[in-house]
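Visitor: My structure is below; once you've seen it, I'll send some questions.
The values are calculated or read from the model by the stated rules, or taken from the named source; none is laboratory data. Fair warning: this is a prediction, and the values are worked out from it, not measured in the lab. A quick note on method: Cβ atoms are made from the backbone with ideal geometry, for glycine too, and the neighbour counts reach across all protein chains shown.
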Amino acid sequence: MSYKHNLIKERFDLTISAEDQTFKDSFELDKNAKRLIGIALTSDRDDLMFYRGSQKILLNDIELFPEGFESKLLLSGLNVAPDCRMITVGELETGNGKVDISYTDKPHDLARFVPYRVTIYTFCIVEFEEK
Amino acid sequence: MKKTIIHQIEIGERNLKSLIQIKLPRNTKKVTGIKVTANAYDTNMIILTEEIGWLWLKVAEKRDVFFAEIVKTNLTQNDWYSYDLPFVKDTHGKIGLKTNTTYPISFGQGRAWIDGTKDEFFSIEVLPENLIIEGYYTNTLTSLRGGYTVNIYLAIEV
């Protein structure tokens, strides 16, 4: 976690260890993270994630991305400027800060399966109380 | 509140015309965006960049088609390929991005010639009166290997 410019950036990992399966995990955002403004998805095997992946992401039961939303639509490559890689979600109250991800791996002939990692980055605003 | 719904069409035969019907949630006010993706590739395992099918969508009980698209396969991220050899000819003699995987990128050579932008939904405003969107998808691929999936993403306001 880093804490700079009123932003909290956190990283959560999901290991995809078997093909054609759904992997679910739940993460908790930092207690100082008040509003979620964006997320980013990366992997150690971008090609597998591009061809095979889809996911559902929830924040406190608010559906950010529905079941079957392809991972390739959320990936950013090196050709995208670093400042533009985050997917904005507006300014959502984090509430109790529970992020659920359900990632589905689906076989594809152009990307043979090997175990890979899916990483989700969250970007949250810290709001300081005004005195 | 904004929401996205996804409709998948499985294509398994050549020259297939699939009729589709998408049921929107009951609290839908309007459709604000559309995106169509597909993951087709041909018998030589080449990712196709030409058209693979046609899609037509209309609001049920209205004659007007509000969305029509020639569907193409999404390219993989261009920066997976070697910067020093960006163009090659495929087996059809077409010039395109290098299709042999040289993953990961060769950082040391060539130059970054691609400028990427965010993938966005096609902006549209449709007021579905009876919450049903219907239409059809025609597969125009003749060298189909296996099957492929067409995903229709609808961004809706509820």
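Visitor: Of all the residues that make up segment B:23-38, how many are of a type outside the set (Ser, Thr, Tyr) and within 17 Å of the chain's Cα centre (by Cα)?
Guide: 5
Visitor: Follow-up question, since we're still on this one. Which of the numbered conditions does residue A:84 fail, given that it passes all the others? Conditions: (1) free of Cβ contacts under 8 Å to residues at least 24 places away in the same chain; (2) in contact with a strand residue (DSSP E or B) (Cβ under 8 Å, 6 or more places away or on another chain).
Guide: Among (1) free of Cβ contacts under 8 Å to residues at least 24 places away in the same chain; (2) in contact with a strand residue (DSSP E or B) (Cβ under 8 Å, 6 or more places away or on another chain), residue A:84 violates only (2).
Visitor: To continue, here is another question. Out of the residues in segment B:8-22 meeting the condition of being surrounded by fewer than 17 Cβ atoms within 10 Å (Cβ to Cβ) and within 14 Å of chain A (Cβ to nearest Cβ), tell me which one is modelled with the highest pLDDT.
Guide: B:8
Visitor: Let me ask something else. How many residues does segment A:44-72 hold that are crowded, with 19+ Cβ neighbours inside 10 Å, out of contact with any helix residue (DSSP H, G or I) (no Cβ under 6 Å at 6 or more places or on another chain) and aliphatic (A, V, I, L, M)?
Guide: 4
Visitor: Is there a residue in segment B:25-33 that is out of contact with any Pro (no Cβ under 7 Å at 6 or more places or on another chain), buried (at least 17 other Cβ atoms within 10 Å of the Cβ) and modelled with pLDDT under 85?
Guide: no
Visitor: Count, please, the residues in segment B:11-30 that happen to be under 17 Å from residue B:124 (Cβ atoms) and not in a strand (DSSP E or B).
Guide: Residues that pass the stated criteria total 3.
Visitor: Then there is this: The conditions are (1) crowded, with 21+ Cβ neighbours inside 10 Å; (2) within 17 Å of residue A:22 (Cα to Cα), and residue A:116 fails exactly one of them. Which is it?
Guide: Status for residue A:116: all satisfied but (1).
Visitor: Which of the residues that make up segment B:133-152 are crowded, with 20+ Cβ neighbours inside 10 Å and within 21 Å of residue B:62 (Cα to Cα)?
Guide: B:133, B:135, B:137, B:152
Visitor: Any idea which of (1) within 14 Å of another protein chain (Cβ to nearest Cβ); (2) crowded, with 21+ Cβ neighbours inside 10 Å is the one residue A:33 doesn't satisfy?
Guide: (1)
Visitor: Here are A:30, A:61, A:25: which of them is more than 21 Å from residue A:111 (Cβ to Cβ) and free of Cβ contacts under 8 Å to residues at least 40 places away in the same chain?
Guide: A:61
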